[in-house]
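Notes follow the structure.
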Amino acid sequence: MNDEELLNDKKYIAPSHSSIERSERRIRQIGGTVKMNYYLTAYGWVKFHFYSPNPQPNEIYGYNLGSGASEIFYGQVDEYRIWDFGGNRTHEIALNKFQNGEWTNWQEPILVPAFDTLDYEVTF
């Protein structure tokens, strides 16, 4: 089942802390066979290297991964960060740079492999 089919499956309940409390997820009988459907995410990790090889005064660099994961760097940057993502999926990273009084924004797609760590360099 691919991601699109899964999201359109009426039996699918998006994972959350409260979803385990739903009555259809409780085992209500002893003995016999119980059929339960659980969809598990295969996580992957991305080790980002944010790098500005030739920073100019007053430059600002930033990234946003969505879901509140973002950061801003002032001046020279040579930093590493590791973030986890749903694996075997393409994710977008939003990047921005403030230079000469003007913001430049762009996005880059990242295919994150499941159960693995991807090294990804962002050069501003």
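The values are calculated or read from the model by the stated rules, or taken from the named source; none is laboratory data. Please read all numbers here as calculations on a predicted model, not as lab measurements. Note that we place each Cβ from the backbone using ideal geometry, even for glycine, and neighbour counts take in every protein chain shown.
Inspect the range 67-75 for any residue being surrounded by 12 or more Cβ atoms within 10 Å (Cβ to Cβ), of a type in the set (S, T, N, Q) and either touching a helix residue (DSSP H, G or I) at 6+ places or on another chain (Cβ under 6 Å) or modelled with pLDDT of 90 or more (or both) and give the result as yes or no. Yes, some residue in the range 67-75 is surrounded by 12 or more Cβ atoms within 10 Å (Cβ to Cβ), of a type in the set (S, T, N, Q) and either touching a helix residue (DSSP H, G or I) at 6+ places or on another chain (Cβ under 6 Å) or modelled with pLDDT of 90 or more (or both).
Taken over the range 81-124, the criterion of being out of contact with any Leu (no Cβ under 9 Å at 6 or more places or on another chain), surrounded by 16 or more Cβ atoms within 10 Å (Cβ to Cβ) and farther than 20 Å from Gly62 by Cβ is satisfied by Gly87 alone.
When the range 36-50 is filtered for residues that are in contact with a Pro (Cβ under 8 Å, 6 or more places away or on another chain) and either at pLDDT 95 or above or in a strand (DSSP E or B) (or both), only Gly44 remains. For the range 40-66, the set of residues classified as loosely packed, with under 13 Cβ neighbours inside 10 Å and either of a type in the set (Asp, Glu) or without any contact (Cβ under 8 Å) to a residue 60 or more places away in the chain (or both) consists of Leu40, Asn54, Gln56, Pro57, Asn58, Gly66, listed by residue number. Selection of first residues in the range 97-110 that are acidic (Asp, Glu) and of second residues that are in a strand (DSSP E or B), restricted to Cβ pairs under 7 Å at least 6 apart or on distinct chains, gives the following pairs, ordered by first then second residue: Glu108/Ile93; Glu108/Leu95.
Residues in the range 76-91 that are of a type in the set (D, E, K, R) and modelled with pLDDT under 95: Asp84, Arg89.
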